[in-house]
1. What number of residues within region 28-73 are polar (S, T, N, Q), in contact (Cβ under 8 Å) with a residue 12 or more places away in the chain and out of contact with any helix residue (DSSP H, G or I) (no Cβ under 8 Å at 6 or more places or on another chain)?
2. Give LYS49, LYS11 a once-over and let me know the one that is out of contact with any strand residue (DSSP E or B) (no Cβ under 7 Å at 6 or more places or on another chain), open to solvent by less than 50 Å² (accessible area, probe 1.4 Å) and charged (D, E, K, R).
3. For region 1-23, name all the residues that are assigned to a loop (DSSP other than H, G, I, E, B) and either small (Gly, Ala, Ser) or farther than 18 Å from ALA53 by Cβ (or both).
4. Residue by residue through region 41-72, note down the ones that are in a helix (DSSP H, G or I) and small (Gly, Ala, Ser).
Amino acid sequence: MDDRISYSDRKDLPNSVFGLPERREYPMPDAAHVRAAEAYFRYCPEDLKPKLARAILQRAQEFGVDIESPTVLSYAEK
């Protein structure tokens, strides 16, 4: 299964599915991409990590994904 989003498909995604909508980074249109955002969380700029962590948890809840990363969970509380 290929979970990559093509450039044209990514361009068509609404801002609301991005973990950082103002930068259009960390797209999470489905459960696989929520897991990918969790995996790539460490690459997020430090000042944006709390916002991204909360977005990951929100999208995870919508798709029934369990977030297990203690780092993501701790940033979501900030």
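1. Here the count works out to 0.
2. Answer to the selection: LYS49.
3. Result: MET1, ASP2, ASP3, ARG4, ILE5, SER6, LEU13, PRO14.
4. ALA53, ALA55, ALA60
The values are calculated or read from the model by the stated rules, or taken from the named source; none is laboratory data. Bear in mind that the values here come from a model prediction, so they are computed numbers and not experimental data. Cβ sites come from the backbone with ideal geometry, for glycine too, and all protein chains shown count toward neighbours. These accessible areas exclude ligands, DNA and RNA; they are computed on the full protein's heavy atoms, side chains included. Shrake-Rupley method; radii C 1.70, N 1.55, O 1.52, S 1.80 Å.
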